[in-house]
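Just passing along the structure, written as structure tokens.
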Amino acid sequence: MLIDDVTVAFGSLRAVDGLTLRIEYGAVRAIIGPNGAGKTTLLDVITGKTRATSGRVVLDRTTDLTRLGEAAISLAGVGRKFQKPSVFEALTLRQNLALALRSPARGALAEMLHRPGRDELDRIERVLEIIGMAGSGEKLAGILSHGQKQWLEIGMLLMREPRVLLLDEPVAGMSDEETSRTVELVLALRAPDRAVVVIEHDMDFVERIADLVTVLDQGRLLVEGGMSAVKSDPRVVDVYLGR
Ligand SMILES: Nc1ncnc2c1ncn2[C@@H]1O[C@H](COP(=O)(O)OP(=O)(O)O)[C@@H](O)[C@H]1O
Ligand SMILES: [Mg+2]
């Protein structure tokens, strides 16, 4: 995916300011930077929640996401997990995963009555395994811990086999043990034809998951590289880590 000279202006403020990033498939990219750097706005532009003032977001060479609406971007293979999990607590894990494949417009009741086919059932089991919840498929999502709900929501995104997976602060509010489990999960999300993009403030977590780290500051690219180089870069220490 190519973020190509993207600017998002809110009045006179440029939340994203002429940013160009090439986001490779088959890898986990972390995006870090101080509050207000434009990280969330960047995800908002990729997913169509916010319109770019200028620039393009190119998926697979031909598709410019900035020309599409949110639903079409999602169908094009872009999945996003927000900080707050939004699973259906009164439904089982399997039902939640099955719902992820359907259009919300049809309503939850119709969806519960829908009988999934063989392929879909197989996919549900595969996803339950990836998120470490094989054997819990018939449990209600409402009884899950905060961390488990986050994993289920990642599972719901995985059901659609996304090309681009965007995670906004996936370990916020998690215990150390849940964070370690999330490291394993994020590493398992890596696939040759998938780009995984993670925004996170927890630097230990970033170090454990990221193939490449991008540091944003004031809507612009500050530094890009491996975590060890980024951590010791004086510009990064100055605007972010040293604070
Ligand atoms: N809808 C909006 N209207 C006006 N300003 C906004 C809006 N969304 C974000 N901003 C501003 O854009 C800048 C970048 O915000 P954001 O993308 O949330 O940064 P980050 O996620 O890196 O903390 C901030 O100065 C923020 O106040
Ligand atoms: Mg943010």
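For the chain, report the accessible area per residue in Å² (1.4 Å probe, heavy atoms, rounded to an integer).
47 Å²
Rounded if a/c is under 1.5, else prolate if a/b is larger than b/c, else oblate: which is the stretch 130-179, with a ≥ b ≥ c the root eigenvalues of its Cα gyration tensor?
Oblate.
I'd like the Karplus ³J(HN,Hα) series for the stretch 165-179: coefficients 6.51, -1.76, 1.60, θ = phi - 60°, whole numbers in Hz, and an x wherever there's a Gly or Pro.
Going residue by residue, I get 10, 10, 10, 9, 6, x, 10, 4, x, 8, 6, 4, 5, 5, 4 Hz, with x marking Gly and Pro.
Once label points are set 7 Å from the Cα along Cα→Cβ at both GLU125 and ALA191, what is their separation, rounded to one decimal in nm?
1.8 nm
Using the crude model of +1 on Lys and Arg Cβ and -1 on Asp and Glu Cβ, and no other charge, please compute the dipole size for the stretch 107-243 relative to its Cα centre, in debye to 20.
The dipole of the stretch 107-243 has a size of about 260 debye.
Still on this model: Grab the other residues whose beta carbon is less than 14 angstrom from that of ALA27, score K and R as +1, D and E as -1, and report the net.
Around ALA27, the charge tally is +1.
Compute for the chain: radius of gyration divided by Kirkwood radius, i.e. Rg/Rh, restricted to C-alpha atoms, rounded to two decimals.
Computed over Cα atoms, the ratio is 0.98.
What is the antiparallel percent of DSSP beta bridges lying wholly in the chain, to the nearest 5?
Percent antiparallel among DSSP bridges in the chain is about 50.
What residues qualify as long-range amide H neighbours of ILE31, i.e. H under 5 Å apart, gap of 5 or more or another chain, H built at 1.01 Å from N?
Those lying under 5 Å, H to H, from ILE31 are VAL198, ILE199, GLU200, THR214.
Probe radius 1.4 Å, ligands and nucleic acids left out: which of TYR25, TYR240 has the largest accessible area, and how do the rest follow?
TYR25, TYR240
Ignoring any ligand, DNA or RNA, what whole percent of the accessible area of the chain comes from carbon and sulfur when the probe is 1.4 angstrom?
Percent of accessible area from carbon and sulfur atoms in the chain: 50.
Please list, or write none, the lysines whose alpha carbon is within less than 20 Å of the alpha carbon of LYS231, excluding same-chain residues fewer than 8 places away.
LYS39
The values are calculated or read from the model by the stated rules, or taken from the named source; none is laboratory data. Every value quoted in this text rests on a predicted model; they were computed, and no experiment measured them. Here Cβ is always computed from backbone atoms with ideal geometry, including for glycine, and neighbour counts include all displayed protein chains. Protein only, heavy atoms only, side chains kept; ligands, DNA and RNA dropped before computing areas. Shrake-Rupley method; radii C 1.70, N 1.55, O 1.52, S 1.80 Å.
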